[in-house]
Amino acid sequence: MAIPEGGEIGGEVHEGHDQLLYFVEGQGEATIGEVTVDVQAGDVSIVPSGTFHNFRNTGSVMLKLYTTYSPPEHEPGTEHATKSEADAE
């Protein structure tokens, strides 16, 4: 996933699976439940099923991260060019 400067994924809740995010480039802000912390390359965030979360780019370069879901949320090979495409699916 890549979040542009000033962008965010938008607050959301996933039911039925946990999410792990591994940040590889940039700086941002992670809100998980009622806690907000700064994140940067090398940090990991874990979002338990049913927990509100949002991730925002607070830096001057793209915030890049890998995210995994357990169990998987999407079919193998699924790619979305934009968040609106992912939301539509």
Task: region 3-42 - residue that is out of contact with any strand residue (DSSP E or B) (no Cβ under 9 Å at 6 or more places or on another chain) and in a loop (DSSP other than H, G, I, E, B) and, of those, modelled with the highest pLDDT - done: 34
TODO: Under 6 Å between Cβ atoms, at least 6 apart or on separate chains: pull out the pairs that start in region 22-47 with a residue that is touching a residue at least 12 places away in the same chain (Cβ under 8 Å) and end on any residue that is of a type in the set (Phe, Trp, Tyr).
DONE: 22/66; 28/55; 30/55; 39/23; 41/23; 43/23; 44/22
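Specify which of the listed residues (45, 60, 49, 84) is outside any helix (DSSP H, G or I), loosely packed, with under 11 Cβ neighbours inside 10 Å and at negative phi.
Working: 45 fails: loosely packed, with under 11 Cβ neighbours inside 10 Å; 49 fails: loosely packed, with under 11 Cβ neighbours inside 10 Å; 84 fails: outside any helix (DSSP H, G or I).
Residue meeting the stated conditions: 60.
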Task: Restricting region 63-81 to residues that are within 14 Å of the chain's Cα centre (by Cα) and part of a loop (DSSP other than H, G, I, E, B), the residue that is modelled with the lowest pLDDT - done: 73
Task: Filtered residue count, region 15-42, keeping only those that are closer than 21 Å to residue 81 by Cα and buried (at least 16 other Cβ atoms within 10 Å of the Cβ) - done: 5
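I'd like the full set of residues that are under 12 Å from residue 8 (Cα atoms) and either charged (D, E, K, R) or in contact with a helix residue (DSSP H, G or I) (Cβ under 6 Å, 6 or more places away or on another chain) (or both), limited to region 33-68. Before the answer, list the steps.
From region 33-68, those under 12 Å from residue 8 (Cα atoms) are 53-59, 62-64; that's our starting set.
Within region 33-68, 56, 64 meet the criteria.
The values are calculated or read from the model by the stated rules, or taken from the named source; none is laboratory data. For clarity, every value in this text was computed on a predicted model and none was experimentally measured. Heads up, the Cβs are rebuilt from the backbone with ideal geometry, glycines too, and the neighbour counts pull from every protein chain shown.
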